[in-house]
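A short reminder: the numbers here are calculations on the coordinates, not readings from a lab. Here the structure is a predicted model, which means the values were calculated and not measured. Positions of Cβ are backbone-derived with ideal geometry, glycine not excepted, and every protein chain shown enters the neighbour counts.
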Amino acid sequence: MKNGQHEVHLNLNVRGLPISATLGINEESNRLISEGKQVYKLGLGQSPFPVPEPIVRELQNNAHQKDYLPVRGLPALCDAVAGYYRRTQDLPISKGNILIGPGSKELMFILQLVYYGDLVIPTPSWVSYAPQAHIVGRHVHWLETDEKNNWLLTPEELEHFCAADPSKPRIVILNYPNNPTGCSYAPHQLQALAEVARKYRIILLSDEIYGELNFAGCHQSIARYYPEGTIIASGLSKWAGAGGWRLGTFAFPEELKWLMESMTVVASETFTATSAPIQYAAVKAFEGSVRLERYLFNSRKILSALADWIWSRLSVAGVTVARPDGAFYMLPDFEPFRENLEARGITNGEVFCQQLLQQTGVAILPGSSFGRPKRELTARLAFVDFDGARALAAVEQFSADQPVDEAYLRVYCERVLTAIDKLCDWIE
């Protein structure tokens, strides 16, 4: 193919794609704030908590690191990441099967670039999976899930899809705790999904970036049940509050090392290597410590209490919403209010979110940004608009078994509670 033809083809793949919805709502929220308007930022899913102090200190101590690092990653970091999976998931992953990138998002893009199979995404899903496939030119297949099953993919749904063309190469994305629902899989559900994946030799991309934010602290990787076909994606952005640091990790089984090697070639010709100081600092994060465990325990305690309060408030108001198991998201469904909303000219999730922002200052995203039908009245809210450092400092004074109650939430997560109150008042 001539260069000019290739450029036209690539431009057609990108043309018409909007900016990522989560980044777009954040920019719009900041614009309104700059105009002096009150905005409750429940759109962008950015951790409210600070980067743990030991990791920050390690970054400061390694600010002088200026050399290009190996494309696959700093050996000490690869060793720490592999050790993390051996320690927390009992997975026999070696440091030679770890790939470090400038965010797991970049690694996901490269995976789709080098692998020839279609992309299969359960809906609802994170906003960037499908656009990345579109840019690369891969076919995307949406797998419908059921609200009655908390939007989780069932083995029957996966079996039905794969049986139609059993030999077709595919990457299936499994993300849990899920963005946008916050829901997660129990071990028996993972085992059943693993059996189907093995039967059809699926490559599973298990996006476990929120794994450490499982409220019960008991996240399990599906790689325990399907190790030979699972790539585990993670990073620092969600559990360590370091989204802007841009460090992601992929962990491969030995059976898929050929795929990692192909990705490494592309990485060498694109991002070269992830920032050296950040890689050195990340070693401390993945090695773990008593202090980091305390940070995670308190983060989960706050998010779990906040999720429970929001779920209860929305449920009492008549909103249909699955109770989250982790992360900091929910996907409420406002269908019970359709008649009243349509009388106000609100016929779909996009208009719902636009009107909500204009009339109350509450910024959330429509379910259509996450692969749901446009007419649906689902929307994702990210309950992160609070001072995480202040909230953590207060919980530090709690005993291990002391719960976070509404009085605490009203003081330290006031903006989130006010936003949910405004939302509920607006729909009624």
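Which GluC sites (Glu not before Pro) in the range 359-412 pass both tests, a DSSP loop state and at most 10 other beta-carbon atoms within 10 Å?
Answer in residue order: Glu396.
If a helix is a whole DSSP H run, which ones in the chain reach 24 Å or further along their own axis (Cα) and hold a mean Kyte-Doolittle hydropathy of at least 1.0?
none
Amide H to amide H under 5 Å from Gly248: which residues, 5+ apart in sequence or cross-chain, H placed 1.01 Å off N in plane?
Placed amide hydrogens put Gly101, Gly103, Ser104 under 5 Å from Gly248.
Within the chain, which is the longest segment that contains none of the trypsin sites (Lys or Arg not before Pro) sitting in a DSSP loop with at most 10 other Cβ atoms within 10 Å?
67-428
With unit charges on the beta carbon (Lys/Arg positive, Asp/Glu negative), name the residue among Leu69, Asn178, Ala251 whose Cα is farthest towards the positive pole of the charge dipole of the range 53-289.
Final value for the positive-end residue is Leu69.
With springs connecting C-alpha atoms under 10 Å apart, model the chain as a Gaussian network and identify which of Ala379, Ala242, Ala407 has the largest mean-square fluctuation.
For the chain, modelled as a Gaussian network with Cα springs under 10 Å, the answer is Ala407.
Which residues make up the longest stretch of the chain clear of chymotrypsin sites (Phe, Trp or Tyr not before Pro) that lie in a DSSP loop with no more than 10 other Cβ atoms within 10 Å, not counting the sites?
It works out to 117-428.
Within 13 Å, Cβ to Cβ, of Lys257, how many net charges do the neighbouring residues add up to if Lys/Arg are +1 and Asp/Glu are -1?
-2
State the answer as a single residue: which of Trp311, Phe386, Ala267 lies farthest towards the positive end of the charge dipole of the chain, with beta carbon charges of +1 for Lys and Arg and -1 for Asp and Glu, about the Cα centre.
My answer, from the dipole projection, is Ala267.
For the chain, with a Gaussian network of springs between Cα atoms less than 10 Å apart, report the residue from Ser221, Ser167, Ser275 with the top mean-square fluctuation.
Ranking Ser221, Ser167, Ser275 by mean-square fluctuation puts Ser167 first.
Report, in debye and to the nearest 20, how large the dipole of the chain comes out about its Cα centre when Lys and Arg carry +1 and Asp and Glu carry -1 on their Cβ.
740 debye
Using the Cα centre as the reference, give the magnitude of the dipole from point charges on the C-beta atoms of the range 53-289 (Lys, Arg: +1; Asp, Glu: -1; all else neutral), rounded to the nearest 20 debye.
440 debye
Quick check: net charge around Glu147, other residues with Cβ under 12 Å of its Cβ, Lys/Arg +1 and Asp/Glu -1?
-3
Counting pairs of alpha carbon atoms under 8 Å apart in space and at least six apart in sequence, what relative contact order in percent does the range 53-289 give?
Dividing the mean separation by the residue count of the range 53-289 yields 31 percent.
Which residue fluctuates the most in the chain, going by a Gaussian network model with Cα springs under 10 Å, if the choices are Glu157, Glu195, Glu269?
Fluctuation is largest for Glu269.
Within a Cβ distance under 13 Å of Ile222, other residues only, what is the Lys/Arg minus Asp/Glu net charge?
Around Ile222, the charge tally is -2.
What residues qualify as long-range amide H neighbours of Cys183, i.e. H under 5 Å apart, gap of 5 or more or another chain, H built at 1.01 Å from N?
Those qualifying (amide H under 5 Å, at least 5 residues apart or on another chain) are Asn178, Asp325.
If amide hydrogens are placed 1.01 Å from N in the peptide plane, which non-local residues have theirs closer than 5 Å to the one on Arg380?
Under 5 Å from the amide H of Arg380 lie the amide H atoms of Leu365, Gly367, each far enough along the sequence or on another chain.
Using every Cα-Cα pair within the range 53-289, state what percent have a distance larger than 26 Å.
The share of Cα pairs beyond 26 Å in the range 53-289 comes to 34 percent.
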